[in-house]
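The values are calculated or read from the model by the stated rules, or taken from the named source; none is laboratory data. Since this is a predicted model, take the numbers as computed values, not measurements. Please note: Cβ atoms are built from the backbone with ideal geometry, for glycine as well, and neighbour counts cover all protein chains shown. Please note that ligands, DNA and RNA were not included when accessible areas were found on the heavy atoms of the full protein model with its side chains. Shrake-Rupley method; radii C 1.70, N 1.55, O 1.52, S 1.80 Å.
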Amino acid sequence: MKQRETKAHANVETAVALLPKEKEEIAAFVASTGYDGEITYTVVPDLLGGIRIDVGDWVYDTTLKTKLTELVQTLA
Amino acid sequence: MAAKSSYQDELLKKVESFKPTTEARQVGHVETVGDGVVKLSGLPEVAYLEMVEFANGTKGIALNLEEEAVGAIVLGKYEDILEGSEVRATGQLLSMPVSEAFLGRVVNPLGEALDGQGDVEFKKRYPLEKLAPGVVFREHVNTPLQTGIKAIDAMTAIGRGQRQLIIGDRNTGKTAIAVDTIINQKGEDVVCIYVAIGQKTSRISNLVATLTKYDAMAHTIVVAATANDPAAYQYIAPYAGCAMAEYFLDQGKDVLIVYDDLSKHAWAYRQISLVLKRPSGREAYPGDVFFLHSRLLERAVKLDKAHGGGSITALPIIETQANDVSAYIPTNVISITDGQIFLESDLFYAGQRPAINVGLSVSRVGGDAQNKAMKKVAGNLRLDLAQYRSLAAFAQFASDADEATKKQIDRGSRMMELLKQGQYVPMPAEKQIASIWAGVNGKLDDLPVAKVQQFEKEYLEYLDARYKKTMEKLKKEKKLDEEIVKDFEAAVADFKKIFVA
């Protein structure tokens, strides 16, 4: 089974557009995980805040939306 | 007003104590979905049998760890899992919620309620896969588990901590034996767990109604994976029931667990293995189908006093095709269990119910699982009836046989008639002893065979009315001393005078 094609792509999603300096920091962080391919930046206002990075097998998720969803689940 | 503000306070407290889960997590992505099995890419550090969670909340178990992919079975509906969706590892091995609150409830293998009475409260979770207690923890089986069925308690007695297989064709009364045993555990401080694997939902609902009717649900838990449920549920159902049993075992209790039935369990496992492309062997079962059942049944134990003294007695049920006990799964399970109760359809349709084949049925624990009185009374019964069966063919020519043979045939046919028993009427131990004592001591030899059942019923009523003290003494001491034998002799003689054939 061939590895998923997203391994060749890292996706970064934020609620607001990123400044170039911030983009550099993120690129450095992604590079530190051993990944050296292309990075795609998307703006998703629905996330309300924080950042979500999909790199290979890892997801780094500090978005407010995820936190709120989890909160709702624990209260249910 | 006070109630409302306390509700708000509680909510605020919960919100404040909320800690979000770690922000970095490993994920996989779904590559293929089909037949209850999902192939994932990613998840490089997932463990064998670890629970994984799909994007829609459904859980799964990682069963196949290959170099390039992970094969997982889905615990729930797999139709709405999308290709490419995210899957995350939960870091937990599969476990079942356990608690006393489950008594009287019907749940699925994940502990979710199926009887519409709301979710069950629980504090602990027990793992589904667990190593059975080792040699050091165990003790010899020495306490009887009364089934209330004369034929079983007399000839193939079951002890607490034993594994006794119930095997036979369809519609021969396998489940009926299990149900009667469960009904008979009322007041015996034995927790009963009935695991239904791959059965019709209507059948389970009838069973629950029956148990409720005979007041047996209060000490019973039903774990159900119906024919409608995915193969993954049917695969884990017995282990879920066993995890529940181990919770009570750890409290020093005695547990009875019925697996109905393991044939369907093997089919579900075969389905999963074939879809996971594992190599298949005889009858298309995977290579580890023996281990599937042996690791389950090994968890039925009798623990020694130092470890609580509890026990789990297992009654697995296997359905044969055309009475073939030498098929693959039946032979596997026969070699694992400590004996079997073999039910024959010929006997069933000839009116002998329970349709137990005395010759092929055996209990490897035997006399150790009987109280002294029963052992004394039924000592030779099994051998005598086995011999009767082989002579039964000559019963047609009874007039041509010699005296000894004729006597054996007469006695045997009356004993077989005595061992017939209705459904849902388990008999307490002292009544069984009184009844069988009368039979083996020739008190029924002068009665026509067709009147034996009526005689037994009325004789037991007579004993209850006139010899109450004797019966209570027998019930308490479980020993057949001279005084009780004298009472029995007198009772039979008296009763025969008034019995109208």
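Structure notes:
- Value of [θ]222 nm, deg cm²/dmol, for chain B, DSSP H segments ≥ 4, -39500 (n - 2.57) each, nearest 500: -11500 deg cm²/dmol
- Percent RCO, i.e. relative contact order, over segment B:385-469, from Cα pairs under 8 Å lying at least 6 residues apart: 29 percent
- Three-way shape call for segment B:1-156 based on the alpha-carbon gyration tensor, with the a/c threshold at 1.5: oblate
- Gain in span if fully extended, B:Leu11 to B:Leu383, counting 0.36 nm per residue against the direct Cα distance: 126.9 nm
- Exposure of B:Arg138 as accessible area (Å², to 10), given a probe of 1.4 Å and all protein chains: 80 Å²
- Surface accessible to a 1.4 Å probe, B:Phe291 within the full protein complex, Å²: 120 Å²
- For chain B, the mean projected area of the C-alpha convex hull, equal to one quarter of the hull surface, is 30.4 nm².
- Global form of segment B:268-346, assessed from the alpha-carbon gyration tensor, a/c cut-off 1.5: oblate
- Between 0 and 90°, nearest 10: helix A:20-32 axis offset from chain A longest Cα axis: 70 degrees
- Whether segment B:306-391 is rounded, prolate or oblate, judged on the alpha carbon gyration tensor where a/c under 1.5 counts as rounded: oblate
- Distance from the alpha carbon centroid of segment B:5-76 to that of segment B:332-357 works out to 45 angstrom.
- Using alpha-carbon coordinates, inclination of helix B:262-275 to the longest axis of chain B, degrees: 30 degrees
- Qualifying GluC sites (Glu not before Pro) for segment B:110-145 [loop in DSSP, other Cβ within 10 Å: at most 13]: B:Glu112, B:Glu121
- Exposure ranking of B:Tyr269, B:Tyr214, B:Tyr328 by accessible area [1.4 Å probe, largest first]: B:Tyr214, B:Tyr328, B:Tyr269
- Proportion of all alpha-carbon pairs of segment B:351-501 beyond 29 Å (%): 18 percent
- Acute angle (nearest 10 degrees) that the helix B:468-477 long axis makes with the longest principal axis of chain B, alpha-carbon atoms: 50 degrees
- Accessible surface ranking that places the most exposed of A:Glu24, B:Glu344, B:Glu477 first, with a 1.4 angstrom probe: A:Glu24, B:Glu477, B:Glu344
- Note on B:Lys475: accessible area is roughly 120 Å² with a 1.4 Å probe, heavy atoms of protein only.
- For the listed residue pairs B:Lys372/B:Lys496; B:Lys376/B:Lys497; B:Lys376/B:Lys431, the alpha carbons are over 18 angstrom apart in B:Lys372/B:Lys496; B:Lys376/B:Lys497.
- Order of exposure, largest accessible area first, which applies to B:Trp267, B:Trp437, A:Trp58 with probe 1.4 Å: B:Trp267, A:Trp58, B:Trp437
- Calculated FRET efficiency for the pair B:Lys200/B:Ala24, C-beta based, R₀ 35 Å, to 0.05: 0.15
- For the protein assembly as shown, alpha-carbon Rg and Dmax in angstrom: 30.7, 110
- 5 angstrom amide H check on B:Gln92, placed H, neighbours 5+ away: B:Met51
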